[in-house]
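S.K.: The structure under discussion is supplied below as structure tokens; questions concerning it will follow.
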Amino acid sequence: MRKTLSLLAVLAVAGLFTSGCAWQDNTENKFGRGMANAADIVRGGEFRRSMEQTALFKGPDTAYSTGFIHGVNRTLQRTGIGVYEMVTAPIPPYHPVFTDRFAPGPVYPDNYVPTLWADSMFATDTYMGFSGGNVLPFIPGSRFQIFEMH
């Protein structure tokens, strides 16, 4: 028993030293990618994109039926991938998984390009004394902005 614990301790220390500094960066990237993917169920990027792409390629009639179901399926799949990446963040491999079916980062519909909010954290305007921002940002899909500069 004592030899087994000593061997495990030596292996743990050897694994720690051989992982190097890249271990932390890779873990952070994998965990962050997992958080972004897991938040897709709230953000609805896959859902909106699936509805849009189905409407463009198969017509508006199928967008509300087939596109809806396809969007729900892809949203649940991306959320599952995100949970998987968050749970297995410290364990290699650190590269994105299922890239043959899903893009590694968050997806958006082609008719929408996200920008930074024009608030005091990202775009301070000390000359005017205030800066713009989203109007009603807590409402999903609200994209109306005051002083849109980005």
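Every number here is computed from the coordinates shown, using simple stated rules; none is lab data. These numbers were taken from a predicted model, which means no experiment stands behind them. Because the Cβ atoms are built from the backbone with ideal geometry, glycine has one as well, and the counts that use them run over all protein chains shown.
S.K.: Quick check: pseudo-label points 7 Å beyond the Cα along Cα→Cβ at Tyr112 and Val87, how many nm apart are they?
M.R.: Modelled inter-label distance: 2.9 nm.
S.K.: If you don't mind, there's one more thing I want to ask. If I model a spin label as a point 7 Å beyond the Cα along the Cα-Cβ vector, how far apart are those points for Asp100 and Ser65 in nm?
M.R.: The modelled label-to-label distance comes out at 3.1 nm.
S.K.: For Phe57 and Glu28, compute 0.36 nm times the residue count separating them, minus their Cα-Cα distance, and round to one decimal in nm.
M.R.: Computed gain between Phe57 and Glu28 is 6.7 nm.
S.K.: How would you classify segment 23-114 from its alpha-carbon gyration tensor, with a ≥ b ≥ c the square roots of the eigenvalues: rounded for a/c under 1.5, else prolate if a/b is greater than b/c, otherwise oblate?
M.R.: prolate
S.K.: Under a crude label model (7 Å from the Cα following the beta-carbon direction), how far is Met35 from Leu8 in nanometres?
M.R.: The answer from the label model is 3.1 nm.
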